[in-house]
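Take this structure, written in structure tokens, and hold onto it; I'll ask about it next.
The values are calculated or read from the model by the stated rules, or taken from the named source; none is laboratory data. As the structure is a computational prediction, the values presented were derived from the model and not from experiment. Quick reminder, even Gly has a Cβ in these numbers, built from the backbone with ideal geometry, and neighbours come from all protein chains shown.
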Amino acid sequence: MFLPKLLEKAHSGERLVTLTCYDASMARLMASCGIDILLVGDSLGMTIQGHDSTLPVSLADMVYHTRAVAKGAGGQAVIMADLNFGSYQASPKQAFASAAQLMAAGANIVKLEGGAPFVETVRFLTQRGVPVCAHLGLLPQSVNATGYRMQAKTEDAAQQLLDDALALQAAGASLLILEAIPEKLAARVTQALTIPTIGIGAGVHCDGQVLVINDLLGLTPTPPRFAKDFLHGQGSLEAAIRNYADAVRRGEFPGPEHSR
Ligand code: KIV
């Protein structure tokens, strides 16, 4: 599915349902369950490869998994692929060369982490036909600088995040992921932007939600506070995925217990 159709959906008020996806079988299942966006996340460094961060993931890894997911989805969902650590930070040209490989493997949109330092990169990519999803808040590729903890808790940090979001939107970003920020701030950013926001650990007021599939299936030994095991009490993977999609579309997930 191409991005404009998805954006129409979001602008008509439908919440965007996103899941991470790393292989063709799950892509087929998720697409048949009506998941809007399959995110080939660099979280595969942890979920698939067993590392303790996303940092060791290579561009070759991302291309391999993007190709598999795109084949499985068969054009029935938007494929978003992460630009991995080290594949875009050096320059806009480096970002374009990396993004081109992901697009050739079947991505419809690429995602990169960061605010002001990446505004020019977002402009460079979008002016060359590469749709971009920006990612603010907790940035897993910066774990060595920040740890895995909620971000933007002070008013200064919140204002900086809002300024970054507006600058990324002005540079051409099509979507914005907000990870692990206070619910009120996510609501404020969502109100201020015309592009859709997709939250994870950012409360219920975003225009969509994303969850790591392993968290949804209860496979993560120490799940983050905002995760929910949707397989619990269900008889199949399909039921768990549909349960998640329904809960997001109805505005029932995340609940207050996932948004502290
Ligand atoms: O890689 C990933 O899974 C992500 C989500 C946590 C948004 O970036």
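Got a sec? Which of 46, 62, 103 is more than 13 Å from the ligand (Cβ to nearest atom), within 17 Å of the chain's Cα centre (by Cα) and not polar (S, T, N, Q)? Outline the logic, then answer.
Values: 46 fails: more than 13 Å from the ligand (Cβ to nearest atom); 62 fails: more than 13 Å from the ligand (Cβ to nearest atom).
None of the others qualify; the one that does is 103.
What residue, of 121, 126, is farther than 16 Å from residue 66 by Cα and buried (at least 20 other Cβ atoms within 10 Å of the Cβ)?
121
Among all residue pairs at least 6 apart or on different chains, which show Cβ distances below 8 Å where the first residue, located in region 38-61, is without any contact (Cβ under 8 Å) to a residue 12 or more places away in the chain and the second is within 11 Å of the ligand (Cβ to nearest atom) and of a type in the set (Lys, Arg)?
none
Also, quick follow-up: Within region 88-99, identify whether any single residue is at pLDDT 95 or above, within 19 Å of residue 131 (Cα to Cα), out of contact with any Asp or Glu (no Cβ under 9 Å at 6 or more places or on another chain) and of a type in the set (Lys, Arg), and answer yes or no.
Yes, region 88-99 contains a residue that is at pLDDT 95 or above, within 19 Å of residue 131 (Cα to Cα), out of contact with any Asp or Glu (no Cβ under 9 Å at 6 or more places or on another chain) and of a type in the set (Lys, Arg).
Write out, first by first residue and then by second, each pair whose Cβ atoms fall under 9 Å of each other, whose residues are 6+ apart or on separate chains, and whose first residue, in region 77-89, is of a type in the set (Gly, Ala, Ser) and surrounded by 24 or more Cβ atoms within 10 Å (Cβ to Cβ) while the second is in a loop (DSSP other than H, G, I, E, B) and modelled with pLDDT under 95.
77/1
Please enumerate the residues belonging to region 222-248 that are among the aromatic types (Phe, Trp, Tyr) and in a helix (DSSP H, G or I). Spell out how you get there, then give the answer.
Taking region 222-248 first, the residues among the aromatic types (Phe, Trp, Tyr) are 226, 230, 244.
Result: 244, single match.
If you check every pair at least six apart or on different chains, which have Cβ atoms under 7 Å apart with a residue in region 162-186 that is free of Cβ contacts under 8 Å to residues at least 12 places away in the same chain and buried (at least 19 other Cβ atoms within 10 Å of the Cβ) first and a residue that is polar (S, T, N, Q) and part of a helix (DSSP H, G or I) second?
Partner pairs satisfying both residue conditions: none exist.
Within 19 Å of residue 217 (Cα to Cα), touching a strand residue (DSSP E or B) at 6+ places or on another chain (Cβ under 8 Å), among the small types (Gly, Ala, Ser) and not in a loop (DSSP other than H, G, I, E, B): which single residue out of 10, 70, 27 fits that description? Steps first, answer last, please.
Working: 10 fails: within 19 Å of residue 217 (Cα to Cα); 70 fails: within 19 Å of residue 217 (Cα to Cα).
Going through 10, 70, 27 in turn, the sole match is 27.
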